[in-house]
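Input: a single structure, listed below in structure tokens.
The values are calculated or read from the model by the stated rules, or taken from the named source; none is laboratory data. It should be emphasised that the depicted structure is a prediction, and the values quoted were computed from it without experimental measurement. Cβ: placed from backbone, ideal geometry, glycine included. Neighbour counts: every protein chain shown. Just the protein is used for accessible areas: all its heavy atoms, side chains included, with ligands, DNA and RNA removed. Shrake-Rupley method; radii C 1.70, N 1.55, O 1.52, S 1.80 Å.
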Amino acid sequence: MSQDSPPVRRLADWDHDRLGRLAADHGTPLYVVDLDRVAANYDRFASAFPDAHVMYAAKAHTGRAVLEKLLETGADIECAAAGELHRAVQAGADPDTLQYTAVNPPDADLDYAVELAEENPGLTITGGARDTFDRLEERGYDGRVAIRINPGIGTGHHEKVATGKDAKFGIPYDQVPQLAADIADRFDLVGIHAHAGSGVLHADLDDHCRAIGKVADMGRTVETDVTPLDFVDFGGGFGVPYREDEEPLDMAVVGEKVREAVGDLDAQVKLEPGRYVVADAELILTEVNTIKKAPAATVVGVDASLATLIRPAMFGSYHPIRNISAPERDAESVSVGGPCCTSADVFCTDRPIARPEREELLAIGNAGAYGYELANQFHSQPRPAEVAIEGGETRVVRDRETLADVTRMER
Ligand SMILES: *Cc1c(COP(=O)(O)O)cnc(C)c1O
């Protein structure tokens, strides 16, 4: 059933009456996450790759309710920090199924992972630098490892713009065979891993598949020259449409193209979608508190801010915004911003929105990935509550912080 879920959920598709009741009951700003949609997104993705092992890359949304739902749906979890391992275990993940991708891992994170692996030898630690493997060995670790490789093709960037930024992730491609031979003597080398690209839609899919092809080639090289592998992991990077006129990925096409790019491989194919699973399953409700007609713009002031959703300020990201109190009203071009004293605290400028009035509710869409996860307390704002919808019921899954929470850690 959930396999037939629509490939994208737009703001207009949410039940506006229910959202209005949630805001009345729990206040604003408010995160609303639809756990059934999270599960449906995972199922749709996994169905496109029937022979692959699909993990959820947790960093986009590590909320306990989301992790629990995905575990229940059959997902395993990929973690990129000790705190994420901790959350996954708390949510009920079997530590033997976890995969930990270590990127410049702090000592405390490696200590945590090694300790967890002592009791749970199924856990896999992925390293993207020789130092990481040396530091694991220093800790007496000789268990399951994977090598993160840098395929040298970052999707969304172009091959010729090889930025130093990308060098942060993974072992340079040509150094992999030698490192693999070395690692195989010291650990149980079970996999090759790469995660190149982010927000890939159809326009970038061919580039992404070229990177996947290179990773698969390396998998075959290591299998032939060094050791058989349990898996080759192609990471995530699959995008969702943020703009109303963008088309969602056709997962049947994606599945076909990825399979073609991978080719024959003895090892199990793994994939790790993050954003794809959670992005459109959550929105933020925010109340309009100010309408100001300035010569340059009509300014709509709301109670959400860059502390609630930082992506527009941090990445210039577009997020859909809808007046859910009066969606049919004539549209007016407005800018929407929050209570923070910085010009970065603006969700949109010159955006046609059904003309908002004071005390009406706006929904900001696609907040499931890096929404709450990057929320902060700038301007000493308590973080909002998060409410989950599941099977027709709603429940609070994270309480609204109070002013006492804002000062809690201070001495
Ligand atoms: C972030 C991340 C992912 C998921 O990326 P998405 O673009 O959210 O699909 C997968 N694997 C690793 C190692 C990551 O760091």
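Quick one: which of 66, 103 is over 18 Å from residue 145 (Cα atoms) and of a type in the set (A, V, I, L, M, F, W, C)?
66
Between a residue in region 387-407 that is farther than 13 Å from residue 65 by Cα and any residue that is open to solvent by 40 Å² or more (accessible area, probe 1.4 Å), which pairs come within a Cβ distance under 6 Å, given they are 6 or more apart or on different chains?
Within 6 Å, the pairs are 401/382; 401/383; 402/382; 405/382; 406/377; 406/380; 406/382.
Return the total of residues in region 111-128 being away from the ligand (no atom under 16 Å from the Cβ) and assigned to a helix (DSSP H, G or I).
Number of matching residues: 8.
Just a yes or no: is a residue in region 198-214 within 13 Å of the ligand (Cβ to nearest atom), part of a strand (DSSP E or B) and open to solvent by less than 10 Å² (accessible area, probe 1.4 Å)?
yes
Does residue 221 count as part of a helix (DSSP H, G or I) and more than 14 Å from the ligand (Cβ to nearest atom)?
yes
From the list 393, 332, pick out the single residue that is modelled with pLDDT of 95 or more, within 25 Å of residue 12 (Cβ to Cβ) and exposed (fewer than 13 other Cβ atoms within 10 Å of the Cβ).
Within the list 393, 332, the selection yields 393.
So which residues in region 241-289 are part of a helix (DSSP H, G or I) and more than 15 Å from the ligand (Cβ to nearest atom)?
252, 253, 255, 256, 257, 259, 260, 261, 262
Under 6 Å between Cβ atoms, at least 6 apart or on separate chains: pull out the pairs that start in region 225-245 with a residue that is under 14 Å from residue 319 (Cα atoms) and end on any residue that is away from the ligand (no atom under 13 Å from the Cβ) and aliphatic (A, V, I, L, M).
241/8
Pick out the one residue from 238, 234 that is in contact with a strand residue (DSSP E or B) (Cβ under 7 Å, 6 or more places away or on another chain), closer than 22 Å to residue 127 by Cα and among the hydrophobic types (A, V, I, L, M, F, W, C).
Only one candidate passes the filter, namely 234.
List the residue pairs whose Cβ atoms are under 8 Å apart, where the first residue sits in region 55-78 and is over 22 Å from residue 194 (Cα atoms), the second is assigned to a strand (DSSP E or B) and among the aromatic types (Phe, Trp, Tyr), and the two are 6 or more positions apart or on different chains.
Pairs found: 67/56; 70/56.
Can you tell me which residue within region 60-83, out of those that are in contact with a strand residue (DSSP E or B) (Cβ under 8 Å, 6 or more places away or on another chain) and among the charged types (D, E, K, R), is farthest from residue 395 (Cα to Cα)?
For region 60-83, the residue satisfying everything is 78.
Residue by residue, here is whether (1) open to solvent by less than 30 Å² (accessible area, probe 1.4 Å); (2) out of contact with any strand residue (DSSP E or B) (no Cβ under 7 Å at 6 or more places or on another chain) holds:
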| residue | (1), (2) |
| --- | --- |
| 252 | no, yes |
| 259 | no, yes |
| 264 | no, yes |
| 285 | yes, no |
| 306 | yes, yes |
| 339 | no, yes |
| 346 | no, no |
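Could you tell me how many of the residues in region 59-94 are among the acidic types (Asp, Glu), closer than 21 Å to residue 126 by Cβ and surrounded by fewer than 21 Cβ atoms within 10 Å (Cβ to Cβ)?
Of the residues in region 59-94, 2 are among the acidic types (Asp, Glu), closer than 21 Å to residue 126 by Cβ and surrounded by fewer than 21 Cβ atoms within 10 Å (Cβ to Cβ).
Only one of 132, 155 is within 14 Å of the ligand (Cβ to nearest atom), outside the structural domain of residue 317 (by TED's automatic domain parsing) and modelled with pLDDT of 95 or more; which?
Matching residue, one of 132, 155: 132.
Run down 42, 56, 31 and say which single residue is within 16 Å of the ligand (Cβ to nearest atom) and either open to solvent by 10 Å² or more (accessible area, probe 1.4 Å) or over 13 Å from the mean Cα position of the chain (by Cα) (or both).
Sole residue among the options that is within 16 Å of the ligand (Cβ to nearest atom) and either open to solvent by 10 Å² or more (accessible area, probe 1.4 Å) or over 13 Å from the mean Cα position of the chain (by Cα) (or both): 42.
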